[in-house]
Amino acid sequence: MIVPAYREAGRISDTVTALRAALAGVHADGGAEIVVVDDGSDDGTASAARDAGADTVVDLEANRGKGAAVRAGMRAAAGTVVAFTDADLAYSPSQLVGLLEVVERGADMAVGDRGHPDSVAVTAPSGLRRAASLAVGLLRGLLGFGRGRDTQCGLKAFSERAAQAVLEASVIDRFAFDIEVLLLADRLGLAVRRVPVEVVNNDDSSVRALSDGWHLVLDMGRIRARALLGRYPSRQSARPLGG
């Protein structure tokens, strides 16, 4: 389990504790690893994660963004299924088990989807977040991303071979990483399953709707340009998964 974290010293201990409890059954069946990636924080996030008992803590020297942090966690993680979730636990840790089971039953990826008919929002997002999400969603549709999926849900799980394929091909460091991941999944012919989620929208999240939204827009353009120029692998050009 990978947890990208930036300036989360105040809650990373609770996050690690909650993940440990939720994954206790998985750990008993063969092991569960919690990997916290401190994305260049200046508040002691890495030390707090170690004190809380995270199995592995990756301490990046500078803040690079969610995508870079998740890739660093993938490199450090062991196991046949790799998942990531947000440090603010907007998605309760108990939901992770369901995603892991979907992958263990044969899917290459399991992705949380707030638009799934069975998904529930425990608390509504702020007006600013709704407006930003709507604007990004419209642009995402114009650029042909997502095919109806909730690209930005911060809850995803991968088989080992799918994680390796994403690690080798992705280049986006910030929040558009999630969009890039699903584009790569489509290009590589990965089996992706949507999973309903229960989400708590946190006003104190480290995500900054305006500045992060602007970076998201710029990176979506970068992803589209790379795709048009053939700089992402396809099912025909990539090595066989697991090969």
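For the reader, a short list of remarks on this structure follows.
- Residue under evaluation ARG105, criteria (1) surrounded by 18 or more Cβ atoms within 10 Å (Cβ to Cβ); (2) under 21 Å from ALA162 (Cα atoms), criterion not met: (1)
- Top-ranked residue of the range 1-38 - restricted to ones that are touching a helix residue (DSSP H, G or I) at 6+ places or on another chain (Cβ under 6 Å), of a type in the set (A, V, I, L, M) and not in a loop (DSSP other than H, G, I, E, B), ranked as surrounded by the fewest Cβ atoms within 10 Å (Cβ to Cβ): ALA22
- Among residues of the range 172-191 that are free of Cβ contacts under 8 Å to residues at least 24 places away in the same chain, none has a Cβ under 7 angstrom from a residue that is acidic (Asp, Glu) and in a loop (DSSP other than H, G, I, E, B) at a sequence gap of 6+ or on a separate chain.
- Qualifying residue in the range 87-94 (condition: farther than 21 Å from ARG174 by Cβ and in a helix (DSSP H, G or I)): yes
- One residue alone among GLY221, GLY243, GLY189 is loosely packed, with under 15 Cβ neighbours inside 10 Å, at pLDDT below 95 and at positive phi, and that residue is GLY189.
- Residue count for the range 39-70, restricted to those that are touching a residue at least 40 places away in the same chain (Cβ under 8 Å), surrounded by fewer than 22 Cβ atoms within 10 Å (Cβ to Cβ) and assigned to a helix (DSSP H, G or I): 1
- In the range 152-161, the condition of being buried (at least 21 other Cβ atoms within 10 Å of the Cβ), among the aliphatic types (A, V, I, L, M), in a strand (DSSP E or B) and within 10 Å of the chain's Cα centre (by Cα) is met by at least one residue.
The values are calculated or read from the model by the stated rules, or taken from the named source; none is laboratory data. Every value quoted in this text rests on a predicted model; they were computed, and no experiment measured them. For neighbour counting, all protein chains shown are included, and Cβ atoms are generated from backbone atoms with ideal geometry for every residue, glycine included.
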